[in-house]
Amino acid sequence: MMAVERWRQYLLRGPFVIKTDHKSLCHLDDQHLSTELQKKAMTKLIGLQYKFQYKHGPDNKAADALSRIGHFFALQSVSVCQPAWVQEVLNSYHVDDQALQLLTELAVHSPNSKGFSLDSGLIRKKGKVWIGSNSALQSRIIAALHDSALGGHSGIQATYQRVKKVFAWTGLKVAVEEFVKQCGVCQQAKHDNCKYPGLLQPLPVPMSQWQDISLDFIEGLPLSDGYSIILVVVDQFTKYSHFIPLKHPFTAQSVAKEFMHNIVRLHGLPRSTVSDRDKVFTSSFW
């Protein structure tokens, strides 16, 4: 029916013969159209002068040549692709004393109590490929999962998680951390994603007393008459200090009240104050 639909413009010119090895199609015109396939087939044949002709299967060699290739046999062999790093790991076991000891133990009993098992010559620890103490092989594995397109020169934690999913050895996290820190591309291209603090600037030299002061709290002192905190106020010019006792908890309002009573009342309002940016001193009230 695909051929009839494809070449319909040529078949409209006159009668034609449809040769088929499906004998039931020869009685298509006499059948009751009960299925969707029959209805679709008859729809495509409407308006055409056709005639079905049955052709025995052995005589239908042209169709068999395409649909029934005689020399096609099922494949009986299966090839297995083994990554190159697997052989490197197997070779590294021969120069690793701990690996040789594990191979001897696992040949008798696998897995052991520590989670080591033997799988086609590979030592696995809880399902992950155990590398051993071969530092050169460890570096190549980290490089493959950090420097390649798969790794994308990601950070320490991301690289560690990527290596940890497949491999295991003693000191894995330290090895990944040292490798990433020494990566030349990361050192040149990566930038810190944290905000740098401002540059330290020397305080201006005060010109008179009690114009420039500094404030800080001393906490964690033994309780004395209900007081356990001291507000220290130092004059930057004379280094004269006031030690104002406070009760816990204190607020910006209570500290300001003590400051007005003990400092402003005696020395006047200062021109500038220096603090450690405690929430009391950075509050809108203060």
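The values are calculated or read from the model by the stated rules, or taken from the named source; none is laboratory data. Everything numeric in this text was worked out from a predicted model, so none of it was measured. Neighbour counts are summed over all protein chains in view; Cβ atoms, including those assigned to glycine, are modelled from backbone coordinates with ideal geometry.
Within region 240-265, if we keep just the residues that are out of contact with any strand residue (DSSP E or B) (no Cβ under 8 Å at 6 or more places or on another chain) and touching a residue at least 24 places away in the same chain (Cβ under 8 Å), the residue that is nearest to G220 (Cα to Cα) turns out to be T251. For region 90-121, a residue qualifies if it is among the polar types (S, T, N, Q), farther than 19 Å from Q138 by Cα and surrounded by 13 or more Cβ atoms within 10 Å (Cβ to Cβ), and the qualifying residues are S110, N112, S117. Every residue in region 242-266 that is touching an Asp or Glu at 6+ places or on another chain (Cβ under 9 Å) and over 15 Å from V232 (Cα atoms), please. Answer for region 242-266, where residues must be touching an Asp or Glu at 6+ places or on another chain (Cβ under 9 Å) and over 15 Å from V232 (Cα atoms): just H248. The single condition among (1) at negative phi; (2) in a loop (DSSP other than H, G, I, E, B) that G152 does not meet is (1).
Residue-by-condition table, conditions (1) polar (S, T, N, Q); (2) within 20 Å of K165 (Cβ to Cβ); (3) in the same structural domain as K173 (by TED's automatic domain parsing); (4) within 31 Å of the chain's Cα centre (by Cα):
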| residue | (1), (2), (3), (4) |
| --- | --- |
| E88 | no, yes, yes, yes |
| D96 | no, no, yes, no |
| L106 | no, no, yes, no |
| S117 | yes, yes, yes, yes |
| G121 | no, no, yes, yes |
| R124 | no, yes, yes, yes |
| S135 | yes, no, yes, yes |
| S139 | yes, yes, yes, yes |
| A143 | no, yes, yes, yes |
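For region 266-276, state whether one or more residues are in contact with a strand residue (DSSP E or B) (Cβ under 8 Å, 6 or more places away or on another chain) and within 30 Å of I141 (Cα to Cα). No, region 266-276 contains no residue that is in contact with a strand residue (DSSP E or B) (Cβ under 8 Å, 6 or more places away or on another chain) and within 30 Å of I141 (Cα to Cα). A single member of K181, K173, K195 is outside the structural domain of Q98 (by TED's automatic domain parsing), surrounded by fewer than 18 Cβ atoms within 10 Å (Cβ to Cβ) and not aromatic (F, W, Y), and it is K195. Among the residues of region 226-239, are any in contact (Cβ under 8 Å) with a residue 24 or more places away in the chain, basic (K, R) and either exposed (fewer than 14 other Cβ atoms within 10 Å of the Cβ) or not in a strand (DSSP E or B) (or both)? No, because not a single residue in region 226-239 is in contact (Cβ under 8 Å) with a residue 24 or more places away in the chain, basic (K, R) and either exposed (fewer than 14 other Cβ atoms within 10 Å of the Cβ) or not in a strand (DSSP E or B) (or both). Within region 2-45, the set of residues being among the acidic types (D, E), part of a helix (DSSP H, G or I) and in contact with a helix residue (DSSP H, G or I) (Cβ under 7 Å, 6 or more places away or on another chain) comprises just one member, E5.
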